[in-house]
Amino acid sequence: MSVLSPAGWLYSRVINLRNSFYDRDVFTSHPLGARTISIGNITAGGTGKTPLVAHVASHLAETGETVCILTRGYGRKNPKERVLVSDRNTVLVDARKGGDEPLELATRLQGKTVVIADADRVAAAKWAVEKFGITAFVLDDAFQHRRAKRDLDIVCIDAMNPFGNGEVLPAGILREPIKNLARADAIVITRCNLVQDLTALRKQIAECAGEATIFESSNTISGFREISEFGESETSGKKALAFCAIGNPSNFFKQLSRDGFDLVSKKPFPDHHYYSQEDIGKLEKRARNTQAEILLTTAKDAVKLAGFEFEMPCYAVEGEMSLDDADAFHELISS
């Protein structure tokens, strides 16, 4: 219990009341005009959701669907504006206009997926069906966005910090009570490679999620992309300063350390932070003071670093997600 626990209790009551209105059709969930898969969280902060969104969208595209990712695009300049981030073939905007996560997805899935940032995902879906002939939607961060009807509800749970202290915002990190996992059709436990034992967590999830299928996933480093132009291609064995502006920076740092990087310095920024040349200068000064030879950051951060001047090599760490039973998962999202 904390001084914020009463506020968390009140917030959870409001959330549960809202959910009951949707369950009883007092509030309406609107079909989007195509098969719709929601991928979301039950907690605030990073859960490794973006790699799963990319994985699902990519698989659907490879099976012949015309796919659109619908996202709010947190942190963008005008959150009320509808922004076509990618028309599938071309990335059309920068991170400030479209949002860092939408731009990361658009860049990763170029040639495969339309990406739209819009707070009104119902209206955006109608527009996308008319303009692009969309046959499958992937809703990013939409477990609580019940106005958009979905055919499949997938929830990501971070193995490193599944539910925080078990309390609802603002007393904890839960967006709604854990028991509401019963709404989910599938649970994906992320970053399983960073923990030793999932027995207790799987049991807790099973008790709340009922008949939902539980999958385990791991995030692995698949490569590096140079942001600065120094012509270097070797990162192994070098002392590194790692920095990022993501929901859970400690997971990024732990992944690098686990994969053998010598992190002599770590610098987290607030989630969705937009960098300045001054930030770059301070990072490089810190790197020199700690004898770091290279800078490492995430793909989400990389989309916000174009055009800056660097005095030392800087690399984006490219990651990919692997699932324990990929065939069963692909069958679930395709059926």
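The values are calculated or read from the model by the stated rules, or taken from the named source; none is laboratory data. Quick caveat, the model's predicted, so the values are computed rather than measured. Counting neighbours? That spans all protein chains shown, and the Cβs are built from the backbone with ideal geometry, glycine included. With ligands, DNA and RNA removed, areas are computed over all heavy atoms of the protein, side chains included. Shrake-Rupley method; radii C 1.70, N 1.55, O 1.52, S 1.80 Å.
Data overview
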quantity: With DNA, RNA and ligands ignored, accessible area of residue 27 (1.4 Å probe; Å², nearest 10); calculated: 80 Å²
quantity: Residue list for the range 271-302, given a label point 7 angstrom along the Cα-to-Cβ vector of residue 96 and an amide N cut-off under 15 Å; calculated: 273-279
quantity: Order of exposure, largest accessible area first, which applies to 85, 91 with probe 1.4 Å; calculated: 91, 85
quantity: Heavy-atom accessible surface of the chain: percent carbon and sulfur, 1.4 Å; calculated: 49 percent
quantity: Accessible solvent surface per residue of the range 1-63, calculated while the other protein chains remain in place, 1.4 angstrom probe, Å²; calculated: 49 Å²
quantity: Antiparallel content of DSSP bridges confined to the range 14-131, in %, to 5; calculated: 50 percent
quantity: The range 180-212 residues near the modelled residue 250 label - backbone nitrogen below 17 Å, point 7 Å along Cα→Cβ; calculated: 190-197
quantity: Gain in span if fully extended, residue 220 to residue 135, counting 0.36 nm per residue against the direct Cα distance; calculated: 27.6 nm
quantity: Lysines with Cα under 24 Å of residue 254, excluding same-chain neighbours fewer than 8 positions away; calculated: 49, 238, 239, 266, 267, 282, 285, 300, 304
quantity: Computed over the chain: relative contact order in percent, which uses C-alpha pairs under 8 Å that are six or more apart; calculated: 19 percent
quantity: Ranked order, 205, 173 - accessible area, probe 1.4 Å, largest first; calculated: 173, 205
quantity: Accessible area in the full protein assembly, largest first, 1.4 Å probe, for 309, 81, 101, 234; calculated: 309, 234, 81, 101
quantity: Translational diffusion of the range 157-217, µm² s⁻¹ [Kirkwood Rh, Cα pairs; Stokes-Einstein; 10 °C; 1.306 mPa s]; calculated: 134 µm²/s
quantity: Top of 94, 301, 259 by mean-square fluctuation, Gaussian network on the chain, Cα under 10 Å; calculated: 259
quantity: With all protein chains modelled, accessible area of residue 207 [1.4 Å, Å²]; calculated: 130 Å²
quantity: Considering only the range 226-317, percent of DSSP beta bridges that pair antiparallel, nearest 5; calculated: 5 percent
quantity: With DNA, RNA and ligands ignored, accessible area of residue 274 (1.4 Å probe; Å², nearest 10); calculated: 40 Å²
quantity: Residues residue 327 and residue 197, FRET efficiency given R0 of 30 Å [Cβ-Cβ distance, rounded to 0.05]; calculated: 0.75
quantity: Between 0 and 90°, nearest 10: helix 5-23 axis offset from the chain longest Cα axis; calculated: 50 degrees
quantity: Cα-derived Rg to Rh of the range 57-175, Kirkwood definition; calculated: 1.00
quantity: Between helix 249-258 and the chain: long-axis angle, C-alpha atoms, 0 to 90°, nearest 10; calculated: 60 degrees
quantity: Stokes-Einstein diffusion coefficient of the range 271-316, Kirkwood radius over Cα pairs, 4 °C, 1.567 mPa s, in µm²/s; calculated: 118 µm²/s
quantity: Top of 262, 141, 197 by mean-square fluctuation, Gaussian network on the chain, Cα under 10 Å; calculated: 197
quantity: Distant-in-sequence amide H partners of residue 314 (H built 1.01 Å from N, under 5 Å); calculated: 227, 228, 295
quantity: √(5λ) per eigenvalue of the Cα gyration tensor, the range 231-335, largest first, Å; calculated: 29, 16, 13
quantity: Probe 1.4 Å, protein heavy atoms only - accessible area per residue of the range 133-276 in square angstrom; calculated: 43 Å²
quantity: FRET efficiency, residue 4 to residue 234 (Cβ-Cβ, R0 45 Å, nearest 0.05); calculated: 0.40
quantity: Bridge type composition, the chain - antiparallel percent by DSSP, nearest 5; calculated: 25 percent
